[in-house]
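These notes concern the structure reproduced below.
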């Protein structure tokens, strides 16, 4: 075992992690990738100077850290193809739904960390919830954080079940924000704004408000009240949303996402 990193799967999330590692000074020669899709292997070489193979080789067995970034349904097959040389490595999974018990059984290693990132990681603005099994050391945790740092921030949770809530809140969260953007842009167009102007206004409003909330010590409900004058335009809009129980619908939607995450993990 050495200090190299092996990625099993070279898709978008793996590419984001690899790009961040190379940009922060990691030698591309220390990164091994197993990726059966030839155009993706060519992309990794062209963009990051990282050599990828269609099947696992001896370099994977020597890696100190193995990052699992394949589709969950092909994990068992991919693990079997890597052979028996995974027992001593630290394993980091960015696969949704695959429980750490499953990872430990398939790899023979108890040093397993599960990560639930989200798609803003592709531009370095993501957040990943992390869970570590008991065998994972403080040094292991620091290595995982270093690997994920270029994609955004990290947050450790106490129990693996908490990752189902992380999945529902932040893992699926970009879709909720995009859903809101769709509605805002459609409303702008319906009120007569050109589509490009409606898009620009909606995007700037969501991005700016999120940053304002991040910087403020006040909770969102206080910030919202500060811009909701009695009898004004914002009050008219919020009243409509309240009558439609939109907040309750969002909460229930995320609870449904959490329940689905539990089901996928059981499967």
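The values are calculated or read from the model by the stated rules, or taken from the named source; none is laboratory data. Given the structure is predicted, the values throughout are model-derived calculations rather than measurements. Ideal geometry is used to build each Cβ from the backbone, glycine not excepted, and the neighbour counts take in all protein chains shown.
Considering (1) surrounded by fewer than 14 Cβ atoms within 10 Å (Cβ to Cβ); (2) at pLDDT below 90; (3) part of a helix (DSSP H, G or I), the lone condition that residue 87 does not fulfil carries the number (3).
Residues in the stretch 5-49 that are in contact with a strand residue (DSSP E or B) (Cβ under 6 Å, 6 or more places away or on another chain) and in a loop (DSSP other than H, G, I, E, B): 10, 35. Listed by position, the helices (runs of 4 or more DSSP H) enclosed by the stretch 195-259 that each have at least 2 residues that are farther than 23 Å from residue 174 by Cβ and without any contact (Cβ under 8 Å) to a residue 40 or more places away in the chain are 220-226, 233-243. Note on the stretch 50-65: residues that are closer than 13 Å to residue 10 by Cα and part of a loop (DSSP other than H, G, I, E, B) amount to 5. Just to be sure before I move on: is residue 174 at pLDDT 95 or above and under 12 Å from the mean Cα position of the chain (by Cα) in the structure I sent? So residue 174 passes the test.
The lone criterion from (1) assigned to a loop (DSSP other than H, G, I, E, B); (2) surrounded by fewer than 16 Cβ atoms within 10 Å (Cβ to Cβ) left unmet by residue 73 is number (1).
To keep it simple, each residue is scored yes or no on (1) touching a helix residue (DSSP H, G or I) at 6+ places or on another chain (Cβ under 8 Å); (2) farther than 19 Å from residue 148 by Cα.
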{"position": "6", "(1), (2)": "yes, no"}
{"position": "18", "(1), (2)": "yes, no"}
{"position": "44", "(1), (2)": "yes, no"}
{"position": "49", "(1), (2)": "yes, yes"}
{"position": "60", "(1), (2)": "no, yes"}
{"position": "65", "(1), (2)": "yes, no"}
{"position": "73", "(1), (2)": "no, yes"}
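Every condition in (1) assigned by TED's automatic domain parsing to the domain that holds residue 142; (2) surrounded by 13 or more Cβ atoms within 10 Å (Cβ to Cβ) is met by residue 158 except one, and the failing one is (2). Here residue 36 meets the list (1) modelled with pLDDT of 90 or more; (2) within 15 Å of residue 13 (Cβ to Cβ) almost entirely, failing just condition (2). On the basis of being in the same structural domain as residue 34 (by TED's automatic domain parsing), in a loop (DSSP other than H, G, I, E, B), closer than 17 Å to residue 133 by Cα and touching a strand residue (DSSP E or B) at 6+ places or on another chain (Cβ under 7 Å), does residue 92 make the cut? No.
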